[in-house]
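The values are calculated or read from the model by the stated rules, or taken from the named source; none is laboratory data. Computed from a prediction, not measured in an experiment: that's the story for all the values here. SASA here: full protein model, heavy atoms, side chains in, ligands and nucleic acids out. Shrake-Rupley method; radii C 1.70, N 1.55, O 1.52, S 1.80 Å.
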Amino acid sequence: MNFIHKSLQLTAETTKDQIRIYRTGEEKAILVQHAESDRRPYIHPIMAPDGKGELTENAPAHHPWQHGLYIGLNDVNGYGFWSEGLNPARAHLDGTFHPRLIKEAQVTEQQVTWSVETDYRDPQGNLLFKETQNWEFNDLGDHYEMYLHLQMYAEVDLTLGHYPYGGLFLRMPYRQESGGMALNSEGKINEEAEGKRARWVAVQMQIPDRDGVAGIAIMDHSMNLEHPVPWRVDGELGICPSCSIAGAWTIQQGETCTFQYDVLIFTGDIPISKVEESWTLFNRRKAQ
């Protein structure tokens, strides 16, 4: 059974394993949350705020285990939750994902909220931790803003190893011939930003099916572990705030580790002043 919620601006359709957000009266979803059984939960596509082009990419040839906007982790008690068993060299060490939508999406005017809870299991099927993603999507016309309150509840003692990436990851449709730019809050660009600490990183690039560039910024809250966090900025401009870059970290059995992120979706060049303004307002939000 589907649940349809309508407001003056937005409609959200909740099925067993997806949430699809529409602008009222339009046929194409502007954002889709996936929570298919026994697969990693992820968000794709995120349409440009003007409706011209998809800003996320699903399963690119260079990294087929990457899916728009998602959580990927490495070396969790020695197991991987990154490459989904698709890397033959370490497939036997990869764990599994078991997501579920907690309830139907809630819509009020320009805002949609929803939650996804996921069991992370080791290759033998043992439950390691439960992850809860609480999302808030705001359609502000010429841009979107999304807030993520992320919780990891440890069913056993967890050690997440030192690794060059892992956490909230964004994959956009990068093409070498058209290029793009990643910029961090400290003014570092592209490979200069790899592994560097920053409050935020923004990416702009040419998007298929549109004239001109568009982009997405991710912001790290000051209450997060290792803030300002080191960032992964890869060769195709995938970005990821990752405390694992700084070193190993732990969550004790029965404890919850919480992260907060802000995601700004825009058209045109990176709006530095707007990103700074959004980060300041976001940083004033207290943990939910």
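The distance linking segment 184-215 with segment 36-113 is 20 Å (Cα centroid to Cα centroid, whole angstrom). Accessible surface of the chain, 1.4 Å probe: 47 percent of it comes from carbon and sulfur atoms. Lysine pair count for the chain (Cα-Cα distance under 18 Å; residues 8 or more apart in sequence or on different chains): 7. Maximal additional length on extending the Thr258-Ser273 stretch stands at 2.6 nm, based on 0.36 nm per residue less the C-alpha distance.
Full extension of the chain between Gln106 and Asp119 gives 2.4 nm of extra length, using 0.36 nm per residue less the Cα-Cα distance.
On a per residue basis, the chain carries 42 Å² of accessible surface, using protein heavy atoms and a 1.4 Å probe.
Please state the shape class of segment 9-55: rounded when a/c is under 1.5, otherwise prolate if a/b exceeds b/c and oblate if not, all from the C-alpha gyration tensor. Judged from the Cα gyration tensor, segment 9-55 comes out oblate (a/c at least 1.5, b/c at or above a/b).
Counting every C-alpha pair in segment 10-283, the share spaced more than 28 angstrom apart comes to 31%.
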